[in-house]
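Inspection log for the structure reproduced underneath, given as structure tokens.
The values are calculated or read from the model by the stated rules, or taken from the named source; none is laboratory data. Please read these numbers as outputs of a predicted model, since none were measured by experiment. Glycine also receives a Cβ, built like all others from the backbone with ideal geometry; neighbour counts cover every protein chain displayed.
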Amino acid sequence: MKQIRLFIASIAFLTLTNFAFAQTLKYQNYSDEAKSINELSAKYGDLCKVLDIGKSAGGRTIYALEIGKGNSKEKPALLVIAGVENDDLTGTVSAKYFAETILANSNSDSVKALLDKYYLYVIPRLSPDALEGFFEKVKSLHIGDDFKIDQDKDGKFDEDGYNDLDGNNIITLMRITSVGGEWIESPDDPGLLKKADIKKGEFGKYIVMFEGIDDDKDGLVNEDPPGGININKNTTYNYKPYTDDGGLYPFQAPELRALGDFVFDRPNIIAVFTFNNHNNILDAWKIRNPQAQSQGPGSGAPSGGMGGRGGNSGSMFLADSIAYAMVVKDVAPLSKYKGDAEGSGDIPGWAFYDAGRLSFCAPAWTYPEMKDTSRARGNNRQQMTQERAPGAFGAQAAQEKSLTREQIAYRWIKKNAPQNFIEWKEFKHPDFPNNKVEIGGLVPFTISNPPEDSLKNASAISYKLIYKLFKDLPDLYVDAPLVEPLGNGVSRVTLTIGNKGKMPTHTTTGRRVKALQSFLIRTKLADGQSIESGKKVTFIEEPLQGGGKITRTFLIVGKGKVEFNIGSPSAGYKNVSVQL
Amino acid sequence: MKNIFKYIFVLSFLLVSSRIFCQANYTHSSLKALGAPNNPKVQVVWDRFYDYKELTGLLQKLNAAYPELTRLESLGKTYEGRDIWCITITNFKNGNEADKPAYYIDAAIHANEIQGTEVALYTAWFLLESYNQNPFVKNLLDTKTFYIVPVQSIDSREAFLHTPLELRSGKVPRDDDGDGLIDEDGPDDLNHDGYISQMRIRIKGGRWKSDPDYPNMMVRCKPDEEGEFELLGEEGIDNDGDGFINEDGPGGYDPNRNWGWLWKPNYIQSGADHYPFSIPETKAIGEFLKKHPNILTSESYHNSGGMLLIGPDQNEQDILYPRDIQLLDFIGEKGTEIIPYYKYINSYKGFYPTYGDETNWQYADLGILPFVNELWTSMNMFRSVSPGREGEQKDEFKFDKLLLFNEAFLEWKEFNHPQFGKIEIGGFKKQVGRIPPSFLLEEECHRNMAFTLFNASLLPSLSVEEINRVSLGKDLYRVTAVIRNSKQLPTKLDVDVQNKLTRADWIYLKGPKVVTGGIKKDRFAVEFAEQKHNPQRLEVPRIEGNSFLFVTWIVKGKDKITVEVDSEKGGKTSKQLN
């Protein structure tokens, strides 16, 4: 009887400790989240450290969780990043949930085995400034971080921001009926707007901007709102200059500098998962023939042409494209949330092409598509650059015939949460006395963030996906060395090195951008021994793919113990020795 | 008796003062050679190189000698903790440095391209010492601002001057070969002669031989010749036992590929490092340039080759706008007259694409008209270059023999190399090939400075030429003003106007209440394009070079009028009408 009671009690205890906190997932502002991160590290002190990796443009500390034991420099690692899009709070919740759950389960056999072999880094909120807009009295989407930019070049900063004209404490859109407008109602989703396509016979009807008036009386409305740089448009990968929210030059955002330094200082990170609007697991990146040069003479020339990158999508080095495809195949069934097309200057693209890590990304949440998809037709939007109305709307659909996340959200919201779409209502606007002005649109943050009671479900789904990636990290092993005595004190030693993980020991891109270290075999001889064939330091440049095996042979003269140290920070290390 | 003393006193006073005031064309002891400033306050010789301590002292002396013309500041610290000096030169009494069009100079972003520093220092020295003597210089400093950064990559330039190293890179440590060790295997001065030279080994059948005219020179054998040498490369040993020599020396990036325009990662652009401005020196200078939007023209000193280079440096975007090209062409062509043997070249079409370099970023993101001077050409040795593949090298040997008396070449000397056995080490000292000898250094300084002064003299010069007021009745007046830019450069480049990099030029009317106003089409038109918002501050995208701008306001009241022009890169000017 006592045993049964004990048994029940321990089950209950385990259940509670494992899932108690998970029942209460909430959207947190910056300071609440910062507090909970520090509490987490206090709770799991021996496994979890909080790192201060830099400051945002607005002066907020950017935190990273470092989870693991032993020397992190010698263990392959996965980096999880969230807080990248200016409206994605769900990602920060899911990223933190992933860390918490791993830590809570760190005594289970499976998680323990992973934490023995690997390290895990989680940056739950890389760009903390923009997300505070969710918690302000008047909810609005920020352009990006709090970087001071004089957008309209009038010598003043941030002097004409949004205004809550209809008094509902949210900033939505304004559409101004005007002959010169570029926007029309979306035929499939009349509450949404899309850019008119002359080629389809569509004529523009509206000028569109965020809700507001001309605060500084310069003839422009909301042309210099607070902030900033959208960090998911500010990396060096496929960077587009001269935009309103992409910064003056790539990596101008201090958040990205912090990320860059963090990643380059950790050559043990072999894979990166980013919560953002794009899903490169379901919409796999196009892998062009890496042998082909980019268009035009001289591009990619100076450092060798293989895998040269140009134009809009990169081409990968062959070994890396194999690795990427292998992992995508493995984890795709677990990726449930569709994304939009990849933007330019994005972090997942940077993580692979410029920082050389296997890079995976997906939204933290997308609404379920409504069953009635009979009107689901391709609906390619363009970025809004002219009307200076930044934000989540205007994204491009991932595929020709698919819906954008905004459309998916709109259809679900219209049916299930209509209060999250503000119907277009006329407003007498002082700056446009002769035009019809209407205010309306999706409530900000609703495209990417479900009601709070759905957070646990969303986070649990992302948990499974990221956990699989974590399990897929490279797993180095070395067979017992084969020794063949050839007589006269000469021995042939053959090492067989294998990788039973799914990801490779390193990437060619990572080596080429000098972010990852070489995969080495260091040979230590006893006194009097010498290597006749082979080197003391053997470089293995070709990545050892998941499931792959290689051999290396050494001819060694002399008796004694030979020690081999094999590996790299991103592959881990194994030591073997032979007694000759 | 007393009167005689008075006489003597007055006479001697006159004698002494006449000597002082008659100094115009005489130095202390003799006739002044034309060119250099007369009796400079700060005495400097220009036939040698200056290290960090010396150039810091020189800048401080100049600053102390000319406090009203200079400001000396540090833009930040280098990796090894040295200051990145910037000297601002302008007549502060005639206006704030930020209110004048500015010219920016820097040098030695590549640490082995050392003599740019002397050129930049010479320019600073010459401007200051000539201010009171030369009206052309005086006018420049009264109306323009010069920002001069004599050394960018200070740490490695210091290493160039004081150690055997010859770094192009900076000194921030990088693991070049990815073996987990940082900067563990650089070049070695094996024979302790203070230089990193070449290694060769005598092998019968090797493909190199001695040149018959200059036995120290290594030349390739013709197909039917039997040679006796193999070349082993740069002086060094395998420090870390990995089978490679000199594969991971100090640094390991190219500071001139670390900037923000079209930055590309290492496998497309080698040396780019991690991300734009990841290197402390480039970051510090980038911040400085952003903080000084009055900079319109810039010049960077490199070596070598005798060229004035302009972008674009890559083929993906031909970013130069046509009218900006016209300005560059005009100035560049003139430069080739001022500095003989220099060619004016578009570096993409002339060489290879480079990504993430300084001058393209200055142009594309800051609207600056940039020049790169590649100093020193081998033409300087004999005013011509010997023909043939090895012509230039032969000229160097000839120059060493006849003008340097064999100072430049380190004789081939035997050495016992741990890996290669008996080899020979020798070669030209690192001062050969890209850097002038002492007696040609001052010429290089002066001619390039002269190009700078010519270039700077084209910076915009704005003035309000006239203001007129006509009564329209009912206390209303039409006020017209003519604004002139009397120099060739516009207040903004095309790239700036097209991409809205900087703010508009503003023309204020101060005094009476402004009812409306705008820009007039031309001098004789009456109608104007009305600026409805804030007409007391008219906004124009720019003021063209060698042009006039005509503005009109309708004002109420007969108050005293001030027309003020405020251009970020064109400077400030104003005029009053009573």
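A few comments on the model shown:
- Some residue of segment B:521-530 being buried (at least 19 other Cβ atoms within 10 Å of the Cβ) and within 14 Å of chain A (Cβ to nearest Cβ): no
- Candidates B:VAL565, B:VAL515, B:VAL555, filtered to the one that is surrounded by fewer than 19 Cβ atoms within 10 Å (Cβ to Cβ) and either within 12 Å of chain A (Cβ to nearest Cβ) or of a type in the set (A, V, I, L, M, F, W, C) (or both): B:VAL515
- Of the set (1) under 29 Å from A:ARG357 (Cβ atoms); (2) surrounded by 21 or more Cβ atoms within 10 Å (Cβ to Cβ); (3) more than 11 Å from chain B (Cβ to nearest Cβ), all apply to A:SER570 but (3).
- Scan of segment B:254-288 for residues that are in a loop (DSSP other than H, G, I, E, B), at the interface with chain A (Cβ under 9 Å from one of its Cβ atoms) and either of a type in the set (Ser, Thr, Tyr) or under 18 Å from the mean Cα position of the chain (by Cα) (or both), ordered by number: B:TRP259, B:TYR267, B:SER270, B:TYR275, B:SER278
- Exclusive hit being within 14 Å of chain B (Cβ to nearest Cβ), touching a residue at least 12 places away in the same chain (Cβ under 8 Å) and crowded, with 24+ Cβ neighbours inside 10 Å, set A:ILE213, A:ILE229: A:ILE229
- Filtered by the rule that a residue be under 30 Å from A:ASP265 (Cβ atoms), in contact (Cβ under 8 Å) with a residue 12 or more places away in the chain and touching a Phe, Trp or Tyr at 6+ places or on another chain (Cβ under 9 Å), segment A:512-536 gives A:ARG512, A:VAL513, A:ALA515, A:SER518, A:PHE519, A:LEU520, A:ILE521, A:ARG522, A:THR523, A:LYS524, A:LYS535.
- Segment A:485-505 - residue that is surrounded by 20 or more Cβ atoms within 10 Å (Cβ to Cβ) and over 20 Å from A:VAL576 (Cβ atoms) and, of those, nearest to the other protein chains (Cβ to nearest Cβ): A:PRO504
- Test result for A:SER518, surrounded by fewer than 23 Cβ atoms within 10 Å (Cβ to Cβ), within 14 Å of chain B (Cβ to nearest Cβ) and under 21 Å from A:LYS73 (Cα atoms): yes
- Residue within segment B:204-223 that is under 24 Å from B:ILE114 (Cα atoms), away from chain A (no Cβ under 14 Å), of a type outside the set (Gly, Ala, Ser) and in a loop (DSSP other than H, G, I, E, B) present: no
- Conditions (1) under 30 Å from A:GLY510 (Cα atoms); (2) at pLDDT below 95; (3) out of contact with any strand residue (DSSP E or B) (no Cβ under 8 Å at 6 or more places or on another chain); number of the one not met by B:SER278: (2)
- Criterion applied to B:GLU54, B:GLU113, B:GLU129 was being surrounded by 24 or more Cβ atoms within 10 Å (Cβ to Cβ) and either touching a His at 6+ places or on another chain (Cβ under 6 Å) or in a helix (DSSP H, G or I) (or both), and the one residue passing it is B:GLU113.
- Selection of segment B:184-222 for residues being surrounded by 17 or more Cβ atoms within 10 Å (Cβ to Cβ) and acidic (Asp, Glu) yields B:GLU184, B:ASP185, B:ASP188.
- With respect to the stated conditions, A:GLU563 fails to be closer than 26 Å to A:ILE269 by Cβ, surrounded by fewer than 21 Cβ atoms within 10 Å (Cβ to Cβ) and among the charged types (D, E, K, R).
- Verdict on B:ASN246 being in contact (Cβ under 8 Å) with a residue 12 or more places away in the chain, among the polar types (S, T, N, Q), away from chain A (no Cβ under 11 Å) and assigned to a loop (DSSP other than H, G, I, E, B): yes
- Members of segment A:30-76 found to be in a loop (DSSP other than H, G, I, E, B) and either of a type in the set (Val, Ile, Thr) or closer than 23 Å to A:SER570 by Cβ (or both), listed by number: A:LEU47, A:GLY68, A:LYS69, A:GLY70, A:ASN71, A:LYS75, A:PRO76
- Test for B:ASN360: is it within 14 Å of chain A (Cβ to nearest Cβ) and touching a Pro at 6+ places or on another chain (Cβ under 8 Å): yes
- Considering (1) more than 10 Å from chain B (Cβ to nearest Cβ); (2) closer than 22 Å to B:ARG257 by Cβ, the lone condition that A:LEU248 does not fulfil carries the number (1).
- Scanning segment B:223-233 for residues that are surrounded by 13 or more Cβ atoms within 10 Å (Cβ to Cβ) and under 18 Å from B:GLY421 (Cβ atoms) gives B:GLU228, B:PHE229, B:GLU230, B:LEU231, B:LEU232.
- The residues on offer are B:LEU453, B:LEU441, B:LEU472, and the sole one that is part of a helix (DSSP H, G or I), hydrophobic (A, V, I, L, M, F, W, C) and more than 19 Å from B:THR143 (Cβ to Cβ) is B:LEU441.
- Lone unmet requirement of (1) within 14 Å of another protein chain (Cβ to nearest Cβ); (2) out of contact with any Leu (no Cβ under 9 Å at 6 or more places or on another chain) for A:HIS278: (1)
- Scan segment A:232-245 for residues that are within 12 Å of another protein chain (Cβ to nearest Cβ), within 17 Å of the chain's Cα centre (by Cα) and under 17 Å from A:GLN151 (Cβ atoms) and the total you get is 1.
- Residues (surrounded by fewer than 24 Cβ atoms within 10 Å (Cβ to Cβ) and of a type in the set (A, V, I, L, M)) located in segment B:488-508: B:VAL495, B:VAL497, B:LEU501, B:ALA504
- Tally of residues being farther than 30 Å from A:ALA325 by Cβ, buried (at least 19 other Cβ atoms within 10 Å of the Cβ) and of a type in the set (S, T, N, Q) across segment A:533-560: 0
- Within segment A:177-192, not a single residue is within 14 Å of another protein chain (Cβ to nearest Cβ), more than 32 Å from the chain's Cα centre (by Cα), in a loop (DSSP other than H, G, I, E, B) and surrounded by 18 or more Cβ atoms within 10 Å (Cβ to Cβ).
- Hey, A:SER530 within 18 Å of A:VAL578 (Cα to Cα) and either away from chain B (no Cβ under 14 Å) or surrounded by 18 or more Cβ atoms within 10 Å (Cβ to Cβ) (or both) or not: no
- Taking segment A:251-266 as the range and being at the interface with another protein chain (Cβ under 9 Å from one of its Cβ atoms) and part of a helix (DSSP H, G or I) as the test, the residues that pass are A:LEU256, A:ARG257, A:GLY260, A:ASP261, A:VAL263, A:PHE264.
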